[in-house]
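The values are calculated or read from the model by the stated rules, or taken from the named source; none is laboratory data. Keep in mind that what you see is a predicted model, and the values were worked out from it rather than measured. For neighbour counting, all protein chains shown are included, and Cβ atoms are generated from backbone atoms with ideal geometry for every residue, glycine included. Surface accessibility is based on the protein's heavy atoms, side chains included, excluding ligands, DNA and RNA. Shrake-Rupley method; radii C 1.70, N 1.55, O 1.52, S 1.80 Å.
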Amino acid sequence: MKYAELVGVYTQLEGTSKRLEKTHYLSEFLKTIDSADLSKVLLLIQGKVFPSWDKRKIGVAARLLLKAIQISTGIDPEKEWKQTGDLGKAAEQLVERKKQVTLFSQELTVDKVFENLQKLASLEGTGTVDKKVKLISELLTSATPLEARYIIRTVIEELRVGLGEGTIRDSIVWSYFAKEAKVNYDKQGNNLGIENREEYTKYIDAVQEAYDVVNDFSIVARFAKQKGLNGLSEIKLQSGTPIKVMLYPKAKNIEDAYSIVGKPAAFEYKYDGFRMQIHKNGKEIKIFTRRLDDVTTQFPDVFEFITEYVEADSFIIDCEAVGYDRFSKKYIAFQNISQRIKRKYDIEEIARKFPVEVNVFDVIYYNGENLIKKPFSERRKILVSMIKNPEYLKIKPAEQIITSDESEAEEFYQKSLDAGNEGIMVKNLSGIYKPGARIGYGVKVKPTMETLDVVLVGAEWGEGKRAAWLASFIIAVRDSETGEFLEIGRVGTGIKEKADEGTSFGQLTEMLKPLIIKEDGKIVHVKPEIVIEIDYEEIQKSPIYSSGYALRFPRFTHLREERSPEEITTKEEVEEIYESQRGRG
Ligand code: AMP
């Protein structure tokens with residue numbers, strides 16, 4: 001299949017902001033794709049060459065791309081990059097200019113583009129820069145200007161065609177089940193009304209459920225095309241492939257929590273550690289973070305607890321690993337143990353220094369059975385029965401009570417805080433497990449003034465003695481509707497000058513450098529990837545930032561490396577905090 005066909009759809013998608021039109025374009029396109037190309041097309045249409053849970057990442061810095069563009073077009077793209085602010089468009093312009101002088105071009109195929117981009121991920125270490133440049137410039141040499149735009153954007157993982165997961169899901173229904181699901185729409189993608197909402201929803205739900213368990217649209221589309229609706233239910237949850245974790249909105253207090261989850265409810269300690277999704281399949285054990293990164297090698301202690309204390313042939317469990325002080329045995333805040341997540345050397349030593357206790361709070365899969373749709377109360381029973389001789393400071397079910405009584409709940413809340421936890425979780429006893437969703441089957445209640453998790457979208461180079469560092473960071477929250485990141489201010493306070501005092505300017509600079517996608521004088525714009533936690537005095541309305549809000553005295557508190565940008569504070573949450581603080585005097 002020609003890459004140009006795919007590029008045709010990219011431009012259609014980019015050309016409209018209307019979701020129905022996007023669904024129309026994508027579904028019409030999918031109809032034309034044969035099974036052999038379907039997986040690759042589904043990944044590429046999302047700007048990916050690996051499913052999101054895959055360990056491999058393209059990982060190419062803007063600098064390297066500049067070089068590749070220069071080699072293939074013979075022109076330094078720096079100027080065009082500055083002008084357009086979009087490296088994809090810069091490449092497009094230069095390829096255009098070059099094409100006017102050369103005629104030679106070999107037509108690009110989806111296979112070729114996919115293959116080269118995947119290869120980029122397999123190259124690591126010194127001496128690979130040239131090979132990477134070669135893989136990219138080889139594509140650019142054969143690319144049309146438009147193709148160049150999207151190749152570059154795929155490499156920097158910024159496709160900018162505005163395609164959300166919901167739209168892909170709907171497009172799969174529209175292309176493979178249009179008749180059965182009774183989807184009616186005109187050529188412009190205007191929906192002429194769904195004839196039978198119930199029937200339509202059945203198909204949407206089936207595709208969503210299949211996606212929830214495999215986390216990969218390329219598999220879902222293939223099953224939908226080849227096997228129809230019943231085939232979708234053949235997609236089974238499998239131990240070994242991570243699924244998105246369920247998320248919990250915040251409740252104001254216990255009364256509010258009850259009103260969301262109902263009575264009676266399960267109350268659990270909210271441990272201040274980090275989430276682990278642990279999979280076992282026969283002898284194989286895998287540990288994933290909430291971003292679905294595989295951290296099995298970093299946690300030999302947890303591996304051992306699982307082998308020793310958990311009885312089952314296969315399972316997927318959801319846990320919070322919480323750090324404790326090895327001398328006083330008291331829980332310690334997450335930041336103390338966060339360094340274990342990325343540690344590549346001296347793993348045993350750091351595991352001894354910063355031990356963790358694993359608190360299991362959910363089970364999603366057990367001995368071949370998918371428990372996603374089982375009520376929480378049943379999942380909890382299974383979870384308790386799986387852990388033999390639970391042991392304090394090793395592995396145990398999360399502390400829990402079930403009650404309808406507010407004062408009993410308050411008491412438990414206090415007990416949890418006294419034990420050094422962050423708060424409590426309040427859960428609906430009949431709630432299902434909904435991967436990736438923040439719906440109210442469980443809520444969190446914590447006493448502290450809400451900090452914000454924000455993503456870095458840019459930064460400014462410092463002056464004077466800070467000239468070698470990025471010194472002021474542009475932060476953003478997320479619009480949960482569109483997935484867009486909206487700026488809410490800048491932060492520089494709280495970051496250290498010396499690396500041994502905490503997170504430093506130097507460290508953040510090194511983290512951001514490979515993510516730079518645009519440079520504008522002293523300001524750089526970066527791929528939204530690094531999540532941090534910030535503190536502030538107050539939230540104010542502000543016309544300056546795209547979120548419509550600004551922070552008074554924002555202060556950096558921690559890196560939140562285990563969090564993905566999809567999980568950060570939303571604009572709606574900022575609004576809520578803004579409203580609630582107005583009563584604080
Ligand atoms: P937050 O990180 O503030 O959004 O709160 C939700 C997080 O609390 C989850 O993602 C877990 O990592 C963590 N957590 C700690 N204890 C529990 C528990 N008993 N049940 C569910 N999540 C918990």
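Set the Förster radius R0 to 51 Å, insert the Cβ-Cβ distance between TYR345 and THR16 as r into 1/(1 + (r/R0)^6), and round the FRET efficiency to 0.05. Computed FRET efficiency for TYR345 and THR16 comes out at 0.55. Stokes-Einstein diffusion coefficient for segment 484-548 at 25 °C in a medium of 0.890 mPa s, Rh from the Kirkwood formula over Cα pairs: what value in µm²/s? Rounded to a whole number, D works out at 178 µm²/s.
Counting Lys and Arg as +1 and Asp and Glu as -1 over every other residue whose Cβ lies under 12 Å from the Cβ of ALA467, the net charge comes to +1. Here the ratio of the Cα radius of gyration of segment 24-171 to 2.2 N^0.38 Å is 1.06. Placing +1 on the Cβ of every Lys and Arg and -1 on the Cβ of every Asp and Glu, with nothing else charged, gives the chain a dipole about its Cα centre of roughly 1140 debye.
Solvent-accessible area of MET511, all protein chains in place: 40 Å² (probe radius 1.4 Å, heavy atoms, ligands and nucleic acids excluded). Net length available on complete extension from LYS236 to GLU107 is 42.6 nm, with 0.36 nm assigned per residue and the Cα-Cα distance removed. Of the solvent-accessible surface of segment 437-585, computed with a 1.4 Å probe and all protein chains present, 46% belongs to carbon and sulfur. Sorting the segments 296-302, 384-390 by their residues' average number of neighbouring beta-carbon atoms within 10 angstrom, most packed first, yields 296-302, 384-390. With a cut-off of 13 Å between beta carbons, the residues surrounding GLY492 carry a summed charge of +1, where Lys and Arg count +1 and Asp and Glu -1. Sorting 303-313, 214-224 by their mean Cβ neighbour count within 10 Å, with the most densely packed peptide first, gives 214-224, 303-313. Only the Cβ atoms of Lys and Arg (+1) and of Asp and Glu (-1) were treated as charged; on that basis the dipole of segment 324-383 about its Cα centre amounts to roughly 120 debye. For the chain, the Kirkwood hydrodynamic radius from C-alpha pairs, put into Stokes-Einstein at 20 °C and a viscosity of 1.002 mPa s, yields a diffusion coefficient of 83 µm² per second.
Taking SER328, SER314 and ordering them by how much accessible surface each has at a 1.4 Å probe, largest first, produces SER328, SER314.
In the full protein context, the chain carries 45 Å² of accessible surface per residue, based on a 1.4 Å probe and ignoring ligands, DNA and RNA. Each 5 Å bin from zero holds the following percent of Cα-Cα pairs in segment 254-440: 1, 8, 16, 20, 20, 17, 11, 5, 2, 0. Other residues within the sphere of radius under 10 Å centred on the Cβ of LYS22, judged by their own Cβ, net out at -1 (K and R +1, D and E -1). If the Kirkwood radius is taken over C-alpha pairs of segment 430-571, then at 4 °C and 1.567 mPa s the Stokes-Einstein diffusion coefficient equals 81 µm²/s. Considering only Cα atoms, the convex hull volume of segment 221-311 works out to 196 Å³ per residue.
Here segment 267-320 was treated as a single set of alpha-carbon atoms; its pair distances binned every 5 Å from 0 give 5, 18, 31, 25, 15, 5, 1 percent. On the principal axes of its alpha-carbon atoms, segment 331-372 has extents of 37, 23, 15 Å, going from largest to smallest.
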